[in-house]
1. Restrict the check to the stretch 170-183 and report whether at least one residue is of a type in the set (Asp, Glu) and either surrounded by 24 or more Cβ atoms within 10 Å (Cβ to Cβ) or within 16 Å of the ligand (Cβ to nearest atom) (or both).
2. Hey, can you tell me all the residues within the stretch 239-263 that are within 15 Å of the ligand (Cβ to nearest atom) and polar (S, T, N, Q)?
3. Would you confirm whether or not the stretch 82-93 contains a residue that is over 22 Å from ILE270 (Cα atoms), within 16 Å of the ligand (Cβ to nearest atom), hydrophobic (A, V, I, L, M, F, W, C) and open to solvent by less than 10 Å² (accessible area, probe 1.4 Å)?
4. Can you report the number of residues in the stretch 1-31 which are within 16 Å of the ligand (Cβ to nearest atom) and either buried (at least 16 other Cβ atoms within 10 Å of the Cβ) or part of a loop (DSSP other than H, G, I, E, B) (or both)?
5. Give the residue that is nearest to VAL118 (Cα to Cα), with candidates limited to residues of the stretch 52-99 that are out of contact with any Gly (no Cβ under 7 Å at 6 or more places or on another chain) and of a type in the set (Ser, Thr, Tyr).
6. Among SER128, SER138, SER147, SER158, which is the only one that is without any contact (Cβ under 8 Å) to a residue 24 or more places away in the chain, touching a helix residue (DSSP H, G or I) at 6+ places or on another chain (Cβ under 6 Å) and either small (Gly, Ala, Ser) or closer than 25 Å to VAL225 by Cβ (or both)?
7. Can you say whether ARG201 is touching a strand residue (DSSP E or B) at 6+ places or on another chain (Cβ under 7 Å), at pLDDT 95 or above and crowded, with 18+ Cβ neighbours inside 10 Å, as far as the supplied structure shows?
8. Scan the stretch 88-112 and report the pairs whose first residue is farther than 24 Å from SER283 by Cα and whose second residue is open to solvent by less than 30 Å² (accessible area, probe 1.4 Å) and among the hydroxyl-bearing types (Ser, Thr, Tyr), with Cβ atoms within less than 7 Å and a gap of 6+ or a chain change.
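The values are calculated or read from the model by the stated rules, or taken from the named source; none is laboratory data. Bear in mind the structure is a predicted one, so any value in this text is a computation, not a measurement. Please note: Cβ atoms are built from the backbone with ideal geometry, for glycine as well, and neighbour counts cover all protein chains shown. These area figures cover heavy atoms from the full protein model, side chains too; ligands, DNA and RNA do not enter into them. Shrake-Rupley method; radii C 1.70, N 1.55, O 1.52, S 1.80 Å.
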Amino acid sequence: MSIQEILDHIHLEMSRRDNRGQVASYIPELASVDLNRFGLAVAMADGQVYSVGDADVPFSIQSISKVFTLALALGKVGNKLWERVGREPSGNAFNSILQLEHEQGIPRNPFINAGAIVVTDVILASSSPAEALAELVSFIRYAADDSNIYINDAVALSEKQTGHRNFALAHFLRSFDNLDHAPELTLGTYFHQCAIEMSCRQLALAGRFLINASGMPQLIAPGRVRRINALMITCGHYDGSGDFAYRVGLPGKSGVGGGILVTVPGKASIAVWSPGLTPLGNSLLGAEAVQMLAQQAEWSIFG
Ligand code: GLN
């Protein structure tokens, strides 16, 4: 079967599913997204894109933004980042505060909220929030080769008004001296990075900076690409990371907007969007769709 035939088959399968999970309702702006949306795009190393369903409809990338901010933070401070954030799976919910006290304000990894807030704080050391966000959006546009990528201010505001958990995390980090800026400032930036909107096509194209394919322009060092992928497979789905690695066999990063970015090292980048989530906050049908794709295209990194 060709990639396009595989995608068409997956689209049909997913359109028949009754259980589509639940949209994230703790961010009011996301609660109104249509549960029946489904998009899937595969960008090959050479830029050829295969897609199906709502692959051109922009959605809120939310925590998928954390792979881009991690790349920028590593570019700015290198391995010093690891003095402030760990590299272990958390085994806890993405917004958990539990571990942070035990581990003296050092978040387990850069993809849980506490860790991502520290990563954003690192980026703010050398820029204002507006500059940091402009740099982030430019990086993403360049990676996607598409200038039509924006932040949805209404989503950022909606999260700011209801983000008590993230404010608690930021203040807690600050109490352990692991936040250099005022919680309002770092979180203002964090909420805006999460509110970036991209379609599956744009996200799949942008994700190619993480596949280390030969002949492609390198946005970041190949060694860093390998390490970000290692973190994606171990931590990219929070306390669902083991299950995703077991079922799909590829590095992935999910967001509560229902998107997942998945890399096929050396070959392709995949973006899927289905807004209904599992109780762990990962796209239910998104994971099923990439599981089918990885199996049918024989793309597991484990052979
Ligand atoms: N902006 C969301 C939050 O901080 C991102 C969470 C996610 O996508 N897992 O709660």
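1. Looking for residues that are of a type in the set (Asp, Glu) and either surrounded by 24 or more Cβ atoms within 10 Å (Cβ to Cβ) or within 16 Å of the ligand (Cβ to nearest atom) (or both), one finds none in the stretch 170-183, hence no.
2. Matches in the stretch 239-263: SER241, SER254.
3. yes
4. Adding up the residues that qualify gives 8.
5. THR69
6. Being without any contact (Cβ under 8 Å) to a residue 24 or more places away in the chain, touching a helix residue (DSSP H, G or I) at 6+ places or on another chain (Cβ under 6 Å) and either small (Gly, Ala, Ser) or closer than 25 Å to VAL225 by Cβ (or both) holds for just one of SER128, SER138, SER147, SER158, which is SER147.
7. yes
8. GLN99/SER90
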